[in-house]
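Trainee: Handing you this structure, nothing more for now.
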Amino acid sequence: MKIHEYQGKEIFRKYGVPVPKGVAVKTAAEARAAAETLIAETGIPVVVVKSQVHAGGRGKGKVYKGGEVVARGVEVVVKGGPDAAADAASRMLGGNLVTIQTGAEGTTVHTAFVEQGIAIARELYLGMLLDRDSRRVVVMASVEGGMDIEKVAEETPEKILKEYIDPVTGLQGFHARKLGFALGLTKEQVGKFAVLLSGLYKMFVAEDCSLVEVNPLIVTDKGDVMALDAKVNFDDNADFRHKDWEALRDLAEENPTETAAKAAGLSYVALDGNIGCLVNGAGLAMATMDIIAHCGGEPANFLDVGGGATEEAVTRAFELILQSPAVKGIFVNIFGGIMKCDVIAAGVINATRKLGLKVPLVVRLEGTNVELGRKMLAESGLAITPASTMLDGAEKITGLVKAAS
């Protein structure tokens, strides 16, 4: 689960991580009022207006309205006071932001963040994530902070420093000092960096984060160390422990089909292809996508209906798949262990009739009650193409989709 920068910074404050003052706004009028307040409170006549979307690369992004670029950089430093802040926000809000992470289609800007201006002496990079190989939280830092950190990681990975944190002992003072001095901080700045890093680590663990990224982490002209950005992702598997997460969700930033699938208890991830996949088991689902690609097709989704899916769940899965107009065919690939093939067959038949399915459908069943399931499909009178193996099914659906296009 992703949240916005301004939400991440509110959580940073909770754990004692220094951040600039800022206000999230939905309108130009709110931006003007926010700028007036910030200038009055800080005495700094400069504010920064930032678009808030669930994507990185905003510093190099462009906002389009009516096909024209109306804002560049989308983190606009405003020196003209409240009116200029309102103008910057009006150009962003309602526009379509395109960055390297959104793809060419971009995403609509619904919220802007007005933040106090800060005099920056240095820009650094700081991040935390779960390293699955070591089974530890890894802290990453680099002197190459800013918009080109992805380029640094690709071309000069040796410039990214890493410290692996033992979950038993947690973050220790020597971790912070080692990184701080390696970043070229002074003794006093290293102390401030250690306080910030300690707060971030406590937050990472307590809030069940999967990623925390500060880019840039800055040293101000007064020598303070501060988080100028906040990218925070939560581990969805821990949502039962965090009822407050629901209030942080921005459904406008989420794929509506993925949201509906989660509500139905299904695991769904939208992809860019045209062959819908309905599979039981995450491993089999991934293998199904691979074999479709191997046969020259493009999967439209990852969809795991689980090991004990009901007839109703299968019908709902079909509905979710068909919400995408890009889907030109569906491949159902089921290995029935706990799940029974006749239940899946009943769900497929019911869904096909209920939805008036008009795209090719290939079904491969194997496992418990497989003969009964195959018999039900064959006697349904519906245009369902049977497959004997996973490869056979992938070849058939790929061929049918290509023939129909």
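Trainee: Helix-derived [θ] at 222 nm for the chain: sum -39500 (n - 2.57) over DSSP H runs of at least 4, divide by residue count, nearest 500?
Mentor: Counting only the DSSP helices, I get -11500 deg cm²/dmol.
Trainee: Stretched out fully, how many nm does the piece from residue 221 to residue 272 gain, at 0.36 nm a residue minus the Cα gap?
Mentor: Gain on stretching residue 221 to residue 272: 13.8 nm.
Trainee: In debye, nearest 20, what is the charge dipole magnitude of region 282-351 about its Cα centre with +1 on Lys and Arg Cβ and -1 on Asp and Glu Cβ, if you could check?
Mentor: Dipole magnitude for region 282-351 comes out near 60 debye.
Trainee: Taking only the Cα atoms of region 21-116, how large is their convex hull per residue, in Å³?
Mentor: Cα-based convex hull of region 21-116, divided per residue, equals 77 Å³.
Trainee: Would you work out the charge dipole size for the chain about its Cα centre, treating the Cβ of every Lys and Arg as +1 and the Cβ of every Asp and Glu as -1, and quote it to the nearest 20 debye?
Mentor: Dipole size: approximately 220 debye.
Trainee: Using 0.36 nm times the number of residues separating residue 383 and residue 134, minus their current alpha carbon distance, what extension gain do you get?
Mentor: That pair, residue 383 and residue 134, stretches by 84.7 nm at full extension.
Trainee: How big is Rg to Rh over region 272-405, alpha-carbon atoms, Rh as the Kirkwood inverse-mean-distance radius?
Mentor: Answer for region 272-405: 0.92.
Trainee: Where the convex hull is taken over the Cα atoms of region 123-173, what is its projected area averaged over directions, in nm²?
Mentor: 4.0 nm²
Trainee: Provide the FRET efficiency to the nearest 0.05 for the residue 402-residue 187 pair, computing r from the beta carbons and using R0 = 60 Å.
Mentor: 0.35
Trainee: While we're on this one: So if we plug the beta-carbon distance of residue 164 and residue 202 into 1/(1 + (r/R0)^6) with R0 = 22 Å, what FRET efficiency do we get, rounded to 0.05?
Mentor: Using R0 = 22 Å, I get an efficiency of 0.80.
Trainee: Report, in whole Å, the centroid distance computed from the Cα atoms of region 113-171 and region 1-67.
Mentor: The distance from the Cα centre of region 113-171 to that of region 1-67 comes to 21 Å.
Trainee: What is the sum of charges, Lys and Arg at +1 and Asp and Glu at -1, for the other residues whose Cβ falls under 13 Å from the Cβ of residue 264?
Mentor: So the environment of residue 264 carries a net charge of -2.
Trainee: May I ask you to evaluate 6.51 cos²θ - 1.76 cosθ + 1.60, the Karplus curve with θ = phi - 60°, for each residue of region 283-294 and list the ³J(HN,Hα) values in order in whole Hz, giving x for glycine and proline?
Mentor: x, 5, 4, 5, 5, 5, 4, 4, 6, 5, 5, 4
Trainee: Of 23, 7, 35, whose Cα points farthest to the positive end of the dipole of region 7-52 (charges on the beta-carbon: +1 Lys, Arg; -1 Asp, Glu; origin at the Cα centre)?
Mentor: About the Cα centre, the residue reaching furthest to the positive side is 7.
Trainee: To continue, here is another question. Dipole size in debye (nearest 20) for region 120-241 around its Cα centre, Lys and Arg Cβ +1, Asp and Glu Cβ -1?
Mentor: 560 debye
Trainee: Something else now. With equal scatterers on the alpha carbons only and no solvent term, can you work out the Debye log10 of I(q)/I(0) for the chain at 0.07, 0.11, 0.13, 0.15 1/Å?
Mentor: -0.44, -0.91, -1.09, -1.24
Trainee: Roughly how many Å is it from the Cα centre of region 295-372 to that of region 200-251, as a whole number?
Mentor: For region 295-372 versus region 200-251, the Cα centre distance is 38 Å.
Trainee: Quick one: length gained pulling residue 353 to residue 247 fully straight, 0.36 nm per residue minus the C-alpha distance?
Mentor: Length gained, residue 353 through residue 247: 34.3 nm.
Only the coordinates and a few stated rules stand behind these numbers; no lab work does. Because the structure is predicted, anything quoted here is derived from the model rather than measured. Ideal geometry is used to build each Cβ from the backbone, glycine not excepted, and the neighbour counts take in all protein chains shown.
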